[in-house]
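Read through the structure below, which is laid out as structure tokens, and then see the notes.
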Amino acid sequence: MQILTSNHYIADFTVPPQTHHSIERARFVNLGRLWGPALAIAAYPPLQSFDLAHFVNKIPVALHRPWLVTFESALPRMFPPSERLRRHLRRQLCSPGCMAIVAMSAWALATFKRLNAGWAGLDRVLAKAHVLHPATQIRVPTPRTLKTDEAIRLIFVGNNFARKGGIVALRLARKALAEGLRLQVHIVSSKMICSGSHTDHPDAARYRKDLQGLALPNVSFHGPMNNRQVLKLMGTCHLSLLATLHDTYGFSVLEGFAHGVPAVSSDICALPEFVLPAPAANANGFLLRLPKDERNCWRHVEESQSPDYWEMLDQAFESMADQALVYLRSLAADPGELEPLSQGAIASIEQRHNQVLLARALDAIYSQAASRTHREIGSGLAET
């Protein structure tokens, strides 16, 4: 079968190459630029030939071919919501043409259930739900090691600088420098602050003092880089940092694992499902604790209009920097701790984030679709 999917970065992790099917990656139209809620609509090239479509975070408004959707959090995914469009896209999820919904994590599936609670079609759609974590390929099969008295090299990657942990990286660098801890922090970012990130404080001046840390001698600021450059740099580092206030998954963590680079990440959303600290079997990183709500989100994630919001942010940044510093002190005192974590990172790709295993699981869904004719799909759509 010819399977149409997006050429978006996320699709590289969620729609792997197939042995028995041809994956056609195309540039989809972002209708959300015209009307916010339309972000939820799968708008694919009109003349594209395909037998089945595998969408990511998007739902078609009408399609007389089988399809499925992989999603990372909300589904339908629209900001701001439109109740009329939501009702239509929910009907699409119930249609015979929708072969499956694939959650990237247990957290994503729980989010879907919560946001669609009370909807009459929920159980019908859950009957065709799967949880399949994103996957990639191992790039460096040899575990990383840390020599005695060697500087720990840590990499932060994230364009949404404050939300993803850039402020934490800078505070960590400053604290390490003050106490003589050998640490080199590599920062890859376009340094976006107060630009489309819902966790940022609306006053960019609040970040000015922290951003002065970009000039610290133990900070290397690389600016924005393409993915190939990022991966090359990541392969020279010992740890990756994702001290995020809100991230539905965390693909930079997987890219680090593929290079044998353990992660230091916050413990929100889906991250605790695959960043596993010791003493877990195949431990692959360290979790920074944040106060959380019942959704496993940072407790203050929706309080950006509060007059006390900077104090909330400052406390979160400071706490995560302090926790990371304690961990790095331990690692510097016992460099041998790094190698088993690196082995665990590689094992995570082999066992949980393996492209071959993900392709096999998806092939079972694709093959089910292949057994149904377009006429059957179209007939079923006409009846719903």
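The values are calculated or read from the model by the stated rules, or taken from the named source; none is laboratory data. Treat the numbers as computed from the prediction; the structure is a model and nothing was measured. Heads up, the Cβs are rebuilt from the backbone with ideal geometry, glycines too, and the neighbour counts pull from every protein chain shown. Surface accessibility is based on the protein's heavy atoms, side chains included, excluding ligands, DNA and RNA. Shrake-Rupley method; radii C 1.70, N 1.55, O 1.52, S 1.80 Å.
For the condition open to solvent by 10 Å² or more (accessible area, probe 1.4 Å), hydrophobic (A, V, I, L, M, F, W, C) and within 21 Å of E318 (Cβ to Cβ), F286 qualifies. Would you confirm, using the coordinates I've provided, whether A204 is farther than 30 Å from V69 by Cα and surrounded by fewer than 17 Cβ atoms within 10 Å (Cβ to Cβ)? So A204 fits the description; yes. Among the residues of segment 193-207, is there at least one that is touching a strand residue (DSSP E or B) at 6+ places or on another chain (Cβ under 7 Å), within 26 Å of D267 (Cβ to Cβ) and modelled with pLDDT of 95 or more? No, segment 193-207 has no match at all.
Against the condition crowded, with 18+ Cβ neighbours inside 10 Å and either more than 25 Å from A106 (Cα to Cα) or touching a residue at least 12 places away in the same chain (Cβ under 8 Å) (or both), how does P45 come out, does it pass? Criteria not met by P45.
The test for being part of a helix (DSSP H, G or I), over 24 Å from the mean Cα position of the chain (by Cα) and in contact (Cβ under 8 Å) with a residue 24 or more places away in the chain holds for E339. Among all positions in segment 104-111, there is no residue which is surrounded by fewer than 21 Cβ atoms within 10 Å (Cβ to Cβ) and over 17 Å from the mean Cα position of the chain (by Cα). Scanning segment 112-145 for residues that are in contact (Cβ under 8 Å) with a residue 12 or more places away in the chain, more than 30 Å from A324 (Cβ to Cβ) and not in a loop (DSSP other than H, G, I, E, B) yields F112, K113, R114, L115, R124, V125, L126, A129, H130.
Can K232 be described as touching a strand residue (DSSP E or B) at 6+ places or on another chain (Cβ under 8 Å), without any contact (Cβ under 8 Å) to a residue 40 or more places away in the chain and either open to solvent by 50 Å² or more (accessible area, probe 1.4 Å) or closer than 15 Å to L338 by Cα (or both)? Taking the combined requirement at face value, the residue does not satisfy it. Selection of segment 146-176 for residues being in a helix (DSSP H, G or I), open to solvent by 10 Å² or more (accessible area, probe 1.4 Å) and more than 18 Å from M312 (Cα to Cα) yields R174, K175.
Go through segment 1-34 and give me each residue that's surrounded by 13 or more Cβ atoms within 10 Å (Cβ to Cβ) and among the aromatic types (F, W, Y). Of everything in segment 1-34, those that are surrounded by 13 or more Cβ atoms within 10 Å (Cβ to Cβ) and among the aromatic types (F, W, Y) turn out to be F13, F28.
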